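The values are calculated or read from the model by the stated rules, or taken from the named source; none is laboratory data. No experiment lies behind these values; they were computed from the predicted model shown. Cβ placement follows ideal geometry from the backbone for every residue including glycine, while neighbour counts extend to all protein chains displayed.
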Amino acid sequence: QPTSKSFNDPFSIVSHEMSNLAKLIASLIGSGHPMLNRVSSYYFEAEGKNVRPLIVLILAKALLKIPVSERNRIPIDSSDVLDQPVYPGTPQQTVVAGNSVNKSISPLRVLHGINPRVILDPLSKPMDRLPELDAANGILPKQRRLAEIVEMIHTASLLHDDVIDLSDARRGRPSGNIAFTNKMAVLAGDFLLGRASVAIARLRNPEVIELLSTTIANLVEGEFMQLKNTVINSDELTVNNDGDVKTIPQPTGKVPVKQHEYSVTTPQEVDHETNVDAAFEYYLHKTYLKTASLMSKLSRAAAVLSGAQEGVIENCYEYGRNLGLCFQIVDDMLDYTSSDASIGKPSQADLKLGLATAPILFAWREEPQLGALIGRKFSEPGDVEIAREAVRKYNGVEKTREMAHKYCSQALDNLRTLPESDARSALEFLTNSILTRTK
Ligand code: FPP
Ligand code: MG
Ligand code: MG
């Protein structure tokens, strides 16, 4: 039964974790350079939506409600490996045969990545234990850290995104590129990724390392698809629908199938309908890569860390995928419907950036001539206005909302496979509010 507290605020079940999030992230991103510290902590200072860590933490709680008998016993090493300081010159905590001693480690040893713990501590070997033993408030230490990691990756991508999008505002303040210059914003993003990578490695879980590394590559691929509307396949790579590299060498003589290809002027051999379908496929693939990849893979990682069985892990992945697609489609819709002040960043920006998102694709389905404008990225005077009028005329925004609604319902279906709990209700609430959000 939900308590009255959790009924009023479903997220109160993780409010303690959420209020500590910024502080914990701060402890992972300290550097010896005061200016770097300012830039890399800048986006964490303003109130963000924190959707990704919320998903990790609440999903973690929902997953630990699965009976132990239906979960795998997973190897867990002692979690203090998560918390060693990472930069040179800091006194390191080290363990000799199970006894903790404070000892200053040579900065050079740290710089060269020689971790004294790994060498000295025979007790740090993975043990076959029940995850519950380490859980506090139904969340494992590694899942907490996962929440911090995903917010760091996301924030790194925002610093870069605002440079790429020539944005001037984020979270109601000047964006990083404006407050500190493009160069510093890019470097701070790289730094956050570096520190996130250290934290990822310390999760000591190869599958989770692979998931999160793939997600970083997916984010870049998604941005590239948005930069240049070209096919993603090269001769050397085959990429599945989620952008994961499956095979490296192509068998000789076999021509790779080109995925997600469409033309802005429908070729004679293809009908307009089929061509627009291909454009939607391209759009959805790009949307998966830039947003849903992180959400699906963080959900999967939270499940892997809980010792869940394969079916549950797969369902969590699908949940994150559907939620992520819904989230970005709503984002693209809000770009048409919101004002700068209400979303804390520039609105009505996508057409000006030359981006064809769902609302204009729905209009294009009805009006084939819009293809020419999409092709020239709305660059001629009046193009943006014509496109906006077409979106209004053909109810592009409403159709986009319906599309987001479809993914939202599928995400809710995925959640129903988890045992009933306050945490599951909170996830249902979160899923619905992603659809109805206004910023
Ligand atoms: C926001 O989209 C941007 C993203 C979801 C991903 C951006 C990814 C990169 C720049 C690739 C580099 C990645 C890393 C990890 C450094 P948006 O521009 O549509 O949304 P906005 O309105 O919030 O700016
Ligand atoms: Mg962008
Ligand atoms: Mg942007």
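For the reader, a short list of remarks on this structure follows.
- The single residue among Pro419, Pro381 that is touching a residue at least 24 places away in the same chain (Cβ under 8 Å), part of a loop (DSSP other than H, G, I, E, B) and not acidic (Asp, Glu) turns out to be Pro419.
- All positions within segment 149-178 that are part of a helix (DSSP H, G or I), within 10 Å of ligand 3 (Cβ to nearest atom) and small (Gly, Ala, Ser): Ser157
- Filtered by the rule that a residue be among the charged types (D, E, K, R), under 23 Å from Ala341 (Cβ atoms) and away from ligand 1 (no atom under 11 Å from the Cβ), segment 169-193 gives a lone residue, Arg173.
- With respect to being away from ligand 3 (no atom under 16 Å from the Cβ), under 21 Å from Leu289 (Cβ atoms) and either over 29 Å from the mean Cα position of the chain (by Cα) or modelled with pLDDT of 95 or more (or both), Ile386 falls outside the description.
- Residue that is farthest from Thr274 (Cα to Cα), among those in segment 352-364 that are away from ligand 3 (no atom under 11 Å from the Cβ) and under 24 Å from the mean Cα position of the chain (by Cα): Gly354
- Between Pro91, Pro10, the distinction of being within 30 Å of Glu310 (Cα to Cα) and modelled with pLDDT under 85 belongs to Pro10 only.
- Residues of segment 395-416 that turn out to be assigned to a loop (DSSP other than H, G, I, E, B) and either among the aromatic types (Phe, Trp, Tyr) or more than 21 Å from Thr357 (Cβ to Cβ) (or both), as a count: 1
- Leu334 being in contact with a helix residue (DSSP H, G or I) (Cβ under 7 Å, 6 or more places away or on another chain) and surrounded by 21 or more Cβ atoms within 10 Å (Cβ to Cβ): no
- Qualifying residue in segment 283-294 (condition: away from ligand 2 (no atom under 16 Å from the Cβ) and hydrophobic (A, V, I, L, M, F, W, C)): yes
- From the list Ile313, Ile360, the one residue that fits, being at pLDDT 95 or above, crowded, with 24+ Cβ neighbours inside 10 Å and not in a loop (DSSP other than H, G, I, E, B), is Ile360.
- Subset of segment 209-225 that is aliphatic (A, V, I, L, M) and either more than 13 Å from ligand 2 (Cβ to nearest atom) or over 13 Å from the mean Cα position of the chain (by Cα) (or both) - its residue that is surrounded by the most Cβ atoms within 10 Å (Cβ to Cβ): Leu212
Matching residues to (1) crowded, with 17+ Cβ neighbours inside 10 Å; (2) touching a Ser or Thr at 6+ places or on another chain (Cβ under 9 Å):
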{"site": "Lys345", "(1), (2)": "yes, yes"}
{"site": "Arg365", "(1), (2)": "yes, no"}
{"site": "Gln369", "(1), (2)": "no, no"}
{"site": "Glu398", "(1), (2)": "no, no"}
{"site": "Arg401", "(1), (2)": "yes, no"}
{"site": "Tyr407", "(1), (2)": "yes, no"}
{"site": "Ser421", "(1), (2)": "yes, no"}
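- Taking every residue in segment 139-159 that is over 27 Å from Ile66 (Cβ atoms) and pairing it with any residue that is away from ligand 3 (no atom under 16 Å from the Cβ) and small (Gly, Ala, Ser), at least 6 positions away or on another chain, the pairs with Cβ-Cβ distances below 6 Å are Met152/Ala196; Leu159/Ala188.
- Test: residue in segment 147-155 that is more than 17 Å from Asn50 (Cβ to Cβ) and under 15 Å from the mean Cα position of the chain (by Cα): no
- Any hit, segment 160-174, residues being of a type in the set (Ser, Thr, Tyr) and either away from ligand 2 (no atom under 16 Å from the Cβ) or modelled with pLDDT of 95 or more (or both): no
- Hits in segment 418-439 (condition: at pLDDT 95 or above, polar (S, T, N, Q) and farther than 16 Å from Met295 by Cα): Ser421, Ser425
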